[in-house]
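K.L.:
Sending over a structure as structure tokens; questions will come in a sec.
The values are calculated or read from the model by the stated rules, or taken from the named source; none is laboratory data. Since the structure is predicted, the reported quantities are computational estimates derived from the model, not experimental observations. Please note: Cβ atoms are built from the backbone with ideal geometry, for glycine as well, and neighbour counts cover all protein chains shown.
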Amino acid sequence: MPMKRRDFLLSAAITGVASTLRFDKLEAALQNNKVKVTSGPDLVAVMGGEPAAMLDKALAKFGGIQAFVKKGQTVVIKPNIGWDKTPNLAANTNPELVKALVKKCYAAGAKKVQVFDHTCQQWDNCYKNSGIKAAVESVGGVMLPANDGSHYQKVALPHGVRLKEAMIHKALLECDVWFNLPVLKNHGGAKMSISMKNYMGVVWDRGIFHSSDLQQCIADICTYPKRPALNIVDAYRILYKNGPQGRNESDTAVLKTLIVSPNIVAADTAAIKFFNQVEKMDINAVGHIAKAEALHLGTRNLNALKIERIKM
């Protein structure tokens, strides 16, 4: 089917965005002249490199992977692997980024690095066609199934507003440390799928999210007390429309960016501001951001944080 002229022009504009994008809006959002902090950064944004190289730069600002992973520990990495889509469609986390983080964890002395997601489509096809299974296993990581209720355990969420308990994957309950590794993308229901939305892949009984208050439930699940060491937002290739699956490559934009923070609200706030360079998204429409801030899970006030920006 021939491409319409309008779609062709948009596609052409997006194709060149990685080389021409000035990152003005992200930089403006991350300007920080008011707060002087002597410790490490609260958030790091790396732009213009390949996934593994950007991860290296970001982690170095936090003291390296050894600041989070100790010898003999079991590590869980939670990417988005929800869809039976190839990497060029940006429905899932970039497999090269997942691979790089697995390698880093083993280099720090991790005993075992496990990767999983409760997928939305056939789990083994999602693992395979996303490229993540091959990437993880090529460096010794372990892909865990998450397709059966037996893999989950009920956990109380006393600080949740609507969600008071959830069935959470046992690997997350039992690990020593974990990393939240979402892809930045548009989402028809939640408006945006980033770090907080990525938590839905750690729960079994997520039907309540959609039958109740989706935005509140997304915030509530993030009150699970074992927080990720870092939220690492993959914005190498983003899905800027027709999410969460997308239709074809014309729904994606190559931006070659990584946004990293232990502050989940700040990470998602910065990611949305960045996303707005390609497609407008009112942060107030992404209700779980403010709801998570109200639950004291982080801050949307980027001016109150120490930000490091790196251009490669």
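K.L.:
Would you confirm, using the coordinates I've provided, whether CYS126 is modelled with pLDDT of 95 or more, touching a Phe, Trp or Tyr at 6+ places or on another chain (Cβ under 7 Å) and surrounded by fewer than 21 Cβ atoms within 10 Å (Cβ to Cβ)? I'd like the intermediate steps shown before the answer.
P.N.:
Values: modelled with pLDDT of 95 or more: yes; touching a Phe, Trp or Tyr at 6+ places or on another chain (Cβ under 7 Å): yes; surrounded by fewer than 21 Cβ atoms within 10 Å (Cβ to Cβ): no.
No, not satisfied.
K.L.:
Output the number of the condition that GLU249 fails; it satisfies all remaining conditions of (1) more than 28 Å from GLU165 (Cβ to Cβ); (2) buried (at least 21 other Cβ atoms within 10 Å of the Cβ).
P.N.:
(2)
K.L.:
Within 22 Å of PHE68 (Cβ to Cβ), out of contact with any helix residue (DSSP H, G or I) (no Cβ under 7 Å at 6 or more places or on another chain), modelled with pLDDT of 95 or more and among the charged types (D, E, K, R), is that true of LYS306? Step through it out loud before you land on a result.
P.N.:
On the way: within 22 Å of PHE68 (Cβ to Cβ): yes; out of contact with any helix residue (DSSP H, G or I) (no Cβ under 7 Å at 6 or more places or on another chain): yes; modelled with pLDDT of 95 or more: yes; among the charged types (D, E, K, R): yes.
Considered against the rule, which asks whether it is within 22 Å of PHE68 (Cβ to Cβ), out of contact with any helix residue (DSSP H, G or I) (no Cβ under 7 Å at 6 or more places or on another chain), modelled with pLDDT of 95 or more and among the charged types (D, E, K, R), LYS306 comes out as yes.
K.L.:
Out of everything in the stretch 61-89 that is aliphatic (A, V, I, L, M) and under 27 Å from GLU174 (Cα atoms), what residue ends up being surrounded by the most Cβ atoms within 10 Å (Cβ to Cβ)? Lay out the reasoning, then the answer.
P.N.:
Taking the stretch 61-89 as the starting set, the residues that turn out to be aliphatic (A, V, I, L, M) are 65, 67, 69, 75-77, 81, 89.
Checking the rest, the ones that are also under 27 Å from GLU174 (Cα atoms) come to 65, 67, 69, 75-77, 81.
Numbers: ILE65: 24, ALA67: 13, VAL69: 24, VAL75: 27, VAL76: 26, ILE77: 26, ILE81: 34.
Filtering first and then ranking leaves ILE81.
K.L.:
For PRO225, all conditions in the list (1) in a helix (DSSP H, G or I); (2) free of Cβ contacts under 8 Å to residues at least 24 places away in the same chain hold save one; what is the number of the exception?
P.N.:
Evaluating PRO225 over (1) in a helix (DSSP H, G or I); (2) free of Cβ contacts under 8 Å to residues at least 24 places away in the same chain leaves (1) as the failure.
K.L.:
Let me ask something else about it. Which number in (1) in contact with a Leu (Cβ under 9 Å, 6 or more places away or on another chain); (2) touching a residue at least 60 places away in the same chain (Cβ under 8 Å); (3) not in a strand (DSSP E or B) marks the one condition that THR299 misses?
P.N.:
Against the list (1) in contact with a Leu (Cβ under 9 Å, 6 or more places away or on another chain); (2) touching a residue at least 60 places away in the same chain (Cβ under 8 Å); (3) not in a strand (DSSP E or B), THR299 comes up short only on (2).
K.L.:
How about the stretch 270-289: which of its residues are free of Cβ contacts under 8 Å to residues at least 60 places away in the same chain and of a type outside the set (A, V, I, L, M)?
P.N.:
Pass one, the stretch 270-289, residues free of Cβ contacts under 8 Å to residues at least 60 places away in the same chain: 280, 282-284.
Listed by number, the residues that qualify are LYS280, ASP282, ASN284.
K.L.:
Further question: Can you tell me which residue among ILE238, ILE218 is closer than 19 Å to VAL46 by Cβ and crowded, with 24+ Cβ neighbours inside 10 Å? Explain how you work it out, then say what you get.
P.N.:
Details: ILE218 fails: closer than 19 Å to VAL46 by Cβ.
So the residue among ILE238, ILE218 that is closer than 19 Å to VAL46 by Cβ and crowded, with 24+ Cβ neighbours inside 10 Å is ILE238.
K.L.:
Follow-up question, since we're still on this one. Could you check GLY140 against (1) in a helix (DSSP H, G or I); (2) surrounded by fewer than 17 Cβ atoms within 10 Å (Cβ to Cβ); (3) not aromatic (Phe, Trp, Tyr) and say which number it fails?
P.N.:
Single failed check for GLY140: (1).
K.L.:
From the set of residues in the stretch 90-123 that are of a type in the set (A, V, I, L, M, F, W, C) and over 23 Å from GLN245 (Cβ atoms), which is surrounded by the most Cβ atoms within 10 Å (Cβ to Cβ)? Show your work before the answer.
P.N.:
The first filter runs over the stretch 90-123 and keeps only residues of a type in the set (A, V, I, L, M, F, W, C), leaving 90-91, 97-98, 100-102, 105, 107-108, 110, 113, 115-116, 120, 123.
Narrowing further to those that are over 23 Å from GLN245 (Cβ atoms): 100-102, 105, 107-108, 110, 113.
Numbers: ALA100: 21, LEU101: 29, VAL102: 25, CYS105: 26, ALA107: 13, ALA108: 20, ALA110: 24, VAL113: 25.
My answer is LEU101.
K.L.:
Which condition number does ALA292 fail, the rest of (1) crowded, with 19+ Cβ neighbours inside 10 Å; (2) without any contact (Cβ under 8 Å) to a residue 12 or more places away in the chain being met?
P.N.:
(2)
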